[in-house]
Amino acid sequence: MSESFVARAAWLRAELERHNHAYYVLDQPTIPDAEYDRLFRELQALEAAHPELASLDSPTQRVGAPPLKAFPPHAHGVPMLSLNNASEPEEVAAFDQRVRDGLETIQAIDYAVEPKFDGLAISLTYEDGLFVRGATRGDGATGEEVTPNLRTLRCIPLRLQGSGWPARLEVRGEVLMFKADFAALNARQRERGEKEFANPRNAAAGSLRQLDSAITASRPLSFFAYGLGLGADAMPVKTHAEVLDCLAAWGFPVAAERRVVQGSRGLLGYFADIGEQRPRLPYDIDGVVYKVNRLDWQATLGFVSRAPRFAIAHKFPAEEATTEVLGIDVQVGRTGAITPVARLKPVFVGGVTVTNATLHNEDEARRKDVRVGDTVIVRRAGDVIPEVVAIVPEKRPTRDLFGGEPLHPPFELPKTCPECGSTVEKGLDEAVARCTGGLFCPAQRKQALLHFAARRAMDIEGLGDKLVDQLVDAGLVHTPADLYALQLEQLAGLERMGEKSAQNLLAAIDRSRQTTLARFIFALGIRNVGEATARDLARHFGDLPALRQATLDQLQAVPDVGPVVAASLASFFAEWHNCDVIDKLCQAGVVWVAETPVADTPQVFAGKTLVLTGTLPTLKRDQAKAMAEAAGAKVAGSVSKKTDYVVAGEEAGSKLDKALELGVPVIDEAAFLKLLEGQTEA
Ligand code: 9MJ
């Protein structure tokens, strides 16, 4: 065999693996996909023409091997541990105390802390830097060997980079699927009429445990390394943090969020911090892991049964739980959208007790085939509305004990609105069905009123859903304008409404008369017009008459307003009832400060950053912000060296202190207004 073939193959392998690492581990692609494909095909052709060139660390081995009949058992060189769990701060403090007792020290302990990936644990064996075997955790002592499948994960190095690795090495970590990859995979499965996965963890597990590794190769799996098995003793390092740095240097993905903190305060601070970041992380985590950083101390502490004394998993409240569907109702939203909602046997999930979960729309409800009596997986992540993820098919009750007919029929959307009896319609390419009753429908009217009164709209404190129900049901309020005509006696007669709360409500309604144009537009509840669009419209048109009379073209001249939003606005203002309500609101004394349309506003703050703090004498915070932005300013939430002005009112606190400390100019409202009017130069 010619030397040049050997050299070329070696060069191609090294080059392709370098690009794999850049793309899959560092997230910094180095060459275009087409160029990668060209190199890959060249290597494939070379190996096909010269079979003696084949080698286990070749990137061509990543596309899947012939299917297996079964997974062979694999005995781990060093057992794979499980971690003890904590869920309460007291348990974390107790863990820290046990660690200090065990080490006979009162000093604050350094802990290596990292996210707890919600995937499946695996062990990768390397011999002289070459990936030779990979296995699942199994029972901790013996797992299933899934080497061909793991080989398909481009972020797992087939040959270790750098140097200093022990000759026999087990790398421990977690295989998982990124949230975005999971969503794309499920969309693909749906298109092909194949089974969807309930969550990224199941998708990762299902994809890895395939006897045909070509299937695994087609699934977007990722991996993060977090420790060592065999070979740990041969490492010339003193801390877990250094182990993680070595793993990164050898080419493994390691959590970027890893840190070293001190004592139980440090642990709890990290827990809070990662909890806050959790919704934005690209992958699911189910907690954080704390490990005593010093390896000699880890050895001193040792193990209790199969879990280490030197580590603990601090878990977030579970985001998923299973429960039973007691019924399926539909809810009518502000714009008439009909949403099927599963009524559930109460279940504690995501930190709260959940009794209802959305099924989104008819198609989703049908696709998931949720029926009364089913056991379902419910998910509540962060502050997101709880949803039914999937049913547990094995638990579906049937008419007989032998898997016969289901007890309940598939969900069907009602043909008429359950609230007002109007026809329910669904456009051909629309997912959502709507009640056609408009403001005739009490459900829509109630939602419209709640939206009108919301904090970010007219901000009528105390006008919640129970009260709106009563006001509408008693016929006291039909439209938002009716709110401004309410009398004390009418309110005082309502359930759970004493004279004092009635007075408070009337005062809140009165206060809401003073508003901003942006809030007013948002409060009208025009379809497709959210808070940001309302602000853009207010700024662009300056006052309501200009907006009401705008043509479709004029509307579309507003940044971010496209044909759909323009059409919603035009049809809203073309409706006589809507205009009547607006006129009545104005007659009832609702007012705002007209804004100078943006096209005419001198851009006195162009390129400048402002921070508002404290209570200004005449301007509400929103107004001042809108005015500053209209004049080209960026309004920031915190003071830094880059801040150009701090506009301070009464009771300004830490932001004012910071401005003074950094020497940022501080101005009051009067000076701010002068700058805006161009009387002084910004
Ligand atoms: C996860 N799941 O992210 C460990 N883990 O350490 C991390 N799991 C672990 N460490 C020892 N980050 C046993 C398990």
Practice task
Run Glu145 past the list (1) crowded, with 19+ Cβ neighbours inside 10 Å; (2) of a type in the set (Asp, Glu); (3) under 31 Å from the mean Cα position of the chain (by Cα) and report the number of the one that doesn't hold.
Solution key: (3)
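For segment 100-111, how many residues meet the condition of being more than 16 Å from the ligand (Cβ to nearest atom) and within 34 Å of the chain's Cα centre (by Cα)?
Residues flagged as more than 16 Å from the ligand (Cβ to nearest atom) and within 34 Å of the chain's Cα centre (by Cα) within segment 100-111 amount to 2.
Return yes when Gly77 is farther than 24 Å from Ala204 by Cα, more than 16 Å from the ligand (Cβ to nearest atom) and surrounded by fewer than 19 Cβ atoms within 10 Å (Cβ to Cβ) and no when it is not.
no
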Handout entry: Pair list, Cβ < 7 Å and 6+ apart or interchain, from segment 78-96 residues that are more than 30 Å from Glu170 (Cβ to Cβ) to residues that are more than 16 Å from the ligand (Cβ to nearest atom) and aliphatic (A, V, I, L, M)
Key = Pro89/Leu268
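Could you tell me whether any residue of segment 145-157 is more than 29 Å from Pro72 (Cβ to Cβ), away from the ligand (no atom under 16 Å from the Cβ), in a helix (DSSP H, G or I) and touching a residue at least 24 places away in the same chain (Cβ under 8 Å)?
There is no residue in segment 145-157 that is more than 29 Å from Pro72 (Cβ to Cβ), away from the ligand (no atom under 16 Å from the Cβ), in a helix (DSSP H, G or I) and touching a residue at least 24 places away in the same chain (Cβ under 8 Å).
Could you pull out the residue among Glu47, Glu114 that is of a type in the set (D, E, K, R) and more than 16 Å from the ligand (Cβ to nearest atom)?
On the way: Glu114 fails: more than 16 Å from the ligand (Cβ to nearest atom).
Step by step, each of Glu47, Glu114 is checked, and only Glu47 is of a type in the set (D, E, K, R) and more than 16 Å from the ligand (Cβ to nearest atom).
Would you mind stating whether Thr375 is at pLDDT 90 or above, of a type outside the set (Asp, Glu) and under 30 Å from Glu276 (Cα atoms)? Step through it out loud before you land on a result.
Values: at pLDDT 90 or above: yes; of a type outside the set (Asp, Glu): yes; under 30 Å from Glu276 (Cα atoms): no.
The answer is no for Thr375.
Scan segment 8-30 and tell me whether some residue there is among the aromatic types (Phe, Trp, Tyr), free of Cβ contacts under 8 Å to residues at least 24 places away in the same chain and farther than 20 Å from Ala214 by Cβ. Steps first, please.
Within segment 8-30, the subset among the aromatic types (Phe, Trp, Tyr) is 11, 23-24.
Now drop any that are not free of Cβ contacts under 8 Å to residues at least 24 places away in the same chain, which leaves 11.
Then drop every residue that is not farther than 20 Å from Ala214 by Cβ, which leaves 11.
Yes, some residue in segment 8-30 is among the aromatic types (Phe, Trp, Tyr), free of Cβ contacts under 8 Å to residues at least 24 places away in the same chain and farther than 20 Å from Ala214 by Cβ.
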Problem - Listing of helices (runs of 4 or more DSSP H) fully contained in segment 1-104 that carry 2 or more residues being at pLDDT 85 or above and not assigned by TED's automatic domain parsing to the domain that holds Ser222 - result: 3-20, 33-49
Fill in the blank from the handout: Among residues of segment 51-74 being in contact with a Lys or Arg (Cβ under 6 Å, 6 or more places away or on another chain) and polar (S, T, N, Q), the residue farthest from the ligand (Cβ to nearest atom) is Ser58
Exercise for the section: Taking Ser163 as meeting all but one of (1) more than 15 Å from the ligand (Cβ to nearest atom); (2) closer than 30 Å to Pro393 by Cα; (3) out of contact with any Lys or Arg (no Cβ under 7 Å at 6 or more places or on another chain), write down the number of the exception. Expected result: (2)
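When residues of segment 355-376 are filtered for being under 23 Å from the mean Cα position of the chain (by Cα) and surrounded by fewer than 20 Cβ atoms within 10 Å (Cβ to Cβ), how many remain? Explain how you work it out, then say what you get.
Of segment 355-376, the ones under 23 Å from the mean Cα position of the chain (by Cα) are 355-361, 364-365, 368, 376.
Still in the list and also surrounded by fewer than 20 Cβ atoms within 10 Å (Cβ to Cβ): 355-356, 358, 360-361, 364.
Total satisfying the criteria: 6.
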Problem - segment 478-503, residues that are assigned to a helix (DSSP H, G or I) and either closer than 21 Å to Val590 by Cβ or under 41 Å from the mean Cα position of the chain (by Cα) (or both) - result: Pro480, Ala481, Asp482, Leu483, Leu488, Gln490, Leu491, Ser501, Ala502, Gln503
Exercise for the section: Tally the residues that are within 16 Å of the ligand (Cβ to nearest atom) and in contact with an Asp or Glu (Cβ under 9 Å, 6 or more places away or on another chain), restricting the search to segment 205-226. Expected result: 6
Fill in the blank from the handout: Note on segment 117-132: residues within 16 Å of the ligand (Cβ to nearest atom), in a strand (DSSP E or B) and surrounded by fewer than 23 Cβ atoms within 10 Å (Cβ to Cβ) are Leu120, Ala121
Completion exercise
Of Ala443, Ala474, Ala431, the only residue that is under 21 Å from Gly525 (Cβ atoms), at pLDDT 90 or above, in the same structural domain as Gly525 (by TED's automatic domain parsing) and of a type in the set (Gly, Ala, Ser) is Ala443
Exercise for the section: For segment 279-294, state whether one or more residues are away from the ligand (no atom under 13 Å from the Cβ), among the basic types (Lys, Arg), farther than 21 Å from Ala204 by Cβ and touching a residue at least 40 places away in the same chain (Cβ under 8 Å). Expected result: yes
Handout entry: Residues located in segment 505-563, provided they are over 23 Å from Gly333 (Cα atoms) and of a type in the set (Asp, Glu)
Key = Asp510, Asp536, Asp543, Asp553, Asp560
Exercise for the section: Kindly check whether there is at least one residue in segment 166-176 that is closer than 28 Å to Ile312 by Cα and of a type in the set (Lys, Arg). Expected result: yes
Completion exercise
Condition set within 16 Å of the ligand (Cβ to nearest atom) and basic (Lys, Arg), scope segment 300-352, selection nearest to Leu103 (Cα to Cα): answer is Arg309
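The values are calculated or read from the model by the stated rules, or taken from the named source; none is laboratory data. This is a predicted model, so every value here is computed, not measured. Counting neighbours? That spans all protein chains shown, and the Cβs are built from the backbone with ideal geometry, glycine included.
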